[in-house]
Amino acid sequence: MEERTPAGSKKDWKAFFWDKLCGLGRELKSLFVYFPAAQGCIWLFTLFFTLMLGELFSESIYDVLEKALPFLVFYGTGCFFAEAVYQKTEKLRLRAVLYILYVIPAFLLTWLLYLEPDSFFLGQDALTISFYLPRYIVGYEVIVISIAVYLCFLRTRLSLEQYLGRVFAAVVRISIIYFILMIGTSMVVGIFIELFDGAFSLYIQVQCLLLGLYYIPALLRSVLPDEKEDSRFAEVLIKYILSGLVISAFAVIYAYVLKILLFRDMPSNAVFRILTGLFAAGLPVWTMNSCYSQKNPLLKLTRLLPYLFSPLILLQAYSIGIRIYENGVTPLRYLCVLLLFFEIIYVSVYYFKRQAVCLLIPLFAVFTAAACFVPGINMARFSLNSQQNALHKYIMAEESSALTQRQIDKAAGAYWYLREEPTGKAWLQSLPEEDKAKLENLKSGSPIEYEDFRHFYYSIKNTAIDISGYNTCYPIQVSARDNAENFTAYQIVYGGSSSAIVNLAAYLNNFPDESEETAEAYFEKHHEIPIDPYRKLYLEYLSYNYDRVGETYTYISFHGYLLEK
């Protein structure tokens, strides 16, 4: 007699899968309820980026899509802030005003990102703007996102421990679903490619769609976690695995400190990076673990970790202090000092008023604003002043023999730093001739700390180009990162389908390295590169990175024209 599965069992399985499917649909729908404009920007970015992976459009359309991508990133960040301020149907008119206002910084940053080499903005040339623009972009993104996340945190009316715990639980759940979907789509697309001779690019496009249409939007939604976001699996991860790993890392660090004290070793240069990583990873872990007070054997120990980190701040301060004393302030060391202040404030607040630790989120935005934007004290200006002072002491010395070797090395490092910085380069060029003469000894030596990597950029301004003997002129814009072998036979595509092979390495090898002025003078006289008897390159702007140790060109960028007979 045939066995049959009970009807009720079938109904239960159908109900189970239907409920899960409806739950996923409700989750996707909730994305537009809370962050509609930000979600729209993410989806448009995903769609445009996926389309750009295929050869579907003309070069002009690709250029438009390429410029649309950063605009969507900048504008999406602003929309996220607007929707964090006014959630759902709250004050729709004010939220619409913020939507409109954030078009301005998004458009401005995108325009500056693709500024023509011979353009100027607020009295600054394109080269100077391209040097400083990444700092402004990072500062803008970090400030807007951190304040928006803080506003979302306030809306939940949870403690910081509960909020981070629920966000972590949501991220774990979303990541598991994404991992399952990724495996499933990989299998389906792999079968399709194998049976129908499809291109591998289809697999990349599908994974990009999955990442942008589900995973990233779902992570965005997790900043406003629901009450149900409190899984047992996430609790086990926090209470036992993550907390245990952080405690183990502390044990290793303290063993290293004991080794320093016993053998009087100098701390490694990697100590600061390791301790920074420990603080960045440990802070959310010991914070989240505090919200699990029941059956938590590591709770008491994790609550002591901020106090145990306090002595390590002294080790960090010593490590970065030595670097600043010997070589002056640079933007990276400036950020390291800011991090030290942040850690000290965190430990102090944790000790005196633990509930106020959440205020460090807007404080982080304030620190970012100071480092990136505030005149006089931002990382670029502060570093510039430090390096100028180091070099000024060398210039003011009557004889270099009156200086110690450490002071000479510091001045050499300052000189090479200022040569790479647009404002510092202009300052060097404005020095009196007698001061420039004193710097010749520094020029002859290898750059201190910058000897492994050199960056060069040159530009010329022409109002007219001599094209006599040639029939066609094509605009060329190239930006490439590769190795020396490929740069000896680099393919330049022009006119849509035509191409030319150019030995860029041979051309760059002829550049003199005695001084910046000599190299600039060489570029002004040798900005044309013959390709063959019928074609040549005419360069207006050239930038390249050179690895002195490996003796290879790691990056080349240039703008100009290709002339063809």
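Observations
- Counting only heavy atoms of the protein chains and using a 1.4 Å probe, Arg354 has close to 90 Å² of accessible surface.
- Gyration tensor verdict on the stretch 25-223 (Cα atoms; rounded if a/c is under 1.5, prolate if a/b is larger than b/c, oblate otherwise): oblate
- Note, ³J(HN,Hα) from phi for the stretch 308-321, Karplus 6.51, -1.76, 1.60, rounded to Hz, x at Gly and Pro: 5, 7, 4, x, 5, 4, 5, 5, 4, 4, 5, 5, 6, x
- R0 of 22 Å, Cβ-Cβ distance Leu154-Leu308: FRET efficiency to nearest 0.05: 0.15
- Within-14-Å neighbourhood charge of Tyr350 [Cβ basis; K, R +1; D, E -1]: +1
- For the stretch 224-328, GluC sites (Glu not before Pro) are listed when DSSP marks them as loop and at most 11 other Cβ atoms sit within 10 Å of their Cβ; the list is Glu227.
- Summing Lys and Arg as +1 and Asp and Glu as -1 over all other residues whose Cβ lies under 11 Å from the Cβ of Glu161 gives a net charge of +3.
- Label selected from [x] 30.4; [y] 32.3; [z] 28.5, the criterion being Kirkwood radius over Cα pairs in Å as computed here: [z]
- Per residue, the accessible area of the stretch 380-444 comes to 52 Å², computed with a 1.4 Å probe over protein heavy atoms only.
- Basic side chains Lys and Arg get +1 at the Cβ, acidic Asp and Glu get -1 at the Cβ, and with that the dipole of the stretch 273-365 about its Cα centre reaches some 280 debye.
- Shown for the stretch 232-374: the carbon plus sulfur share of the solvent-accessible area, taken with all protein chains present and a 1.4 angstrom probe, equals 74%.
- Positive dipole terminus of the chain, leading residue within Ala370, Met52, Leu283 (C-beta point charges): Leu283
- Unit charges at the beta carbon, dipole of the chain: most positive-side option, Leu211, Phe341, Ile361: Ile361
- Cα gyration tensor shape of the stretch 240-386, rounded if a/c is under 1.5, else prolate or oblate by comparing a/b with b/c: oblate
- Electrostatic bookkeeping for Leu563 treats Lys and Arg as +1 and Asp and Glu as -1; over the other residues with beta carbon under 11 Å from its beta carbon, the sum is 0.
- Remark: spin-label model distance Glu440-Tyr318 equals 4.4 nm, labels positioned 7 Å along the Cα→Cβ axis.
- For the stretch 236-393, a simple Cβ point-charge model (Lys and Arg +1, Asp and Glu -1, everything else neutral) yields a dipole of about 260 debye relative to the Cα centre.
- Mean accessible surface per residue for the stretch 25-223, computed with a 1.4 Å probe while every protein chain stays in place, in Å²: 53 Å²
- The charge dipole of the stretch 68-172, taken about its Cα centre with unit charges on the Cβ atoms of Lys, Arg (+1), Asp and Glu (-1) only, comes to about 680 debye.
- Under the Karplus curve 6.51 cos²θ - 1.76 cosθ + 1.60, θ = phi - 60°, whole-Hz ³J(HN,Hα) for the stretch 190-203, x wherever Gly or Pro sits: x, 5, 4, 4, 5, 7, 10, 6, x, 7, 5, 4, 4, 4
- In terms of its C-alpha gyration tensor, the stretch 44-123 has an oblate overall shape, because the principal axis ratio a/c (a ≥ b ≥ c, square roots of the eigenvalues) is not below 1.5 and a/b does not outweigh b/c.
- Straightening the chain between Lys525 and Ile193 buys 114.2 nm, computed as 0.36 nm per residue apart minus the Cα-Cα spacing.
- Projected label distance in nm at Ser293 and Thr552, using a 7 Å step from Cα toward the beta-carbon: 5.8 nm
- Note on Gln87/Ala356: beta-carbon distance plugged into 1/(1 + (r/R0)^6) with R0 of 30 Å gives a FRET efficiency of 0.80.
- Carbon + sulfur, % of accessible area of the stretch 38-166 - ligands and nucleic acids excluded, 1.4 Å: 69 percent
- Among the trypsin sites (Lys or Arg not before Pro) in the stretch 294-348, those located in a DSSP loop and surrounded by at most 14 other Cβ atoms within 10 Å of their own Cβ are Lys295.
- Derived scalar couplings between HN and Hα for the stretch 155-171 equal 5, 6, 6, 9, 6, 4, 4, 5, 5, 5, x, 5, 5, 5, 4, 5, 5 Hz in order, rounded to whole Hz, by the Karplus curve 6.51 cos²θ - 1.76 cosθ + 1.60 (θ = phi - 60°), x for Gly and Pro.
- With all protein chains modelled, accessible area of Ser159 [1.4 Å, Å²]: 50 Å²
- In this structure, the pairs whose alpha-carbon distance is over 29 Å, taken from Lys425/Lys525; Lys67/Lys91; Lys67/Lys525; Lys436/Lys536; Lys300/Lys353, are Lys67/Lys91; Lys67/Lys525; Lys436/Lys536.
The values are calculated or read from the model by the stated rules, or taken from the named source; none is laboratory data. Being a predicted model, the structure only gives us computed values, none of them experimental. In this analysis, Cβ positions are derived from the backbone assuming ideal geometry, glycine residues included, and neighbour counts consider all displayed protein chains. Quick note on the areas: whole protein, heavy atoms, side chains included, nothing else; ligands and nucleic acids left out. Shrake-Rupley method; radii C 1.70, N 1.55, O 1.52, S 1.80 Å.
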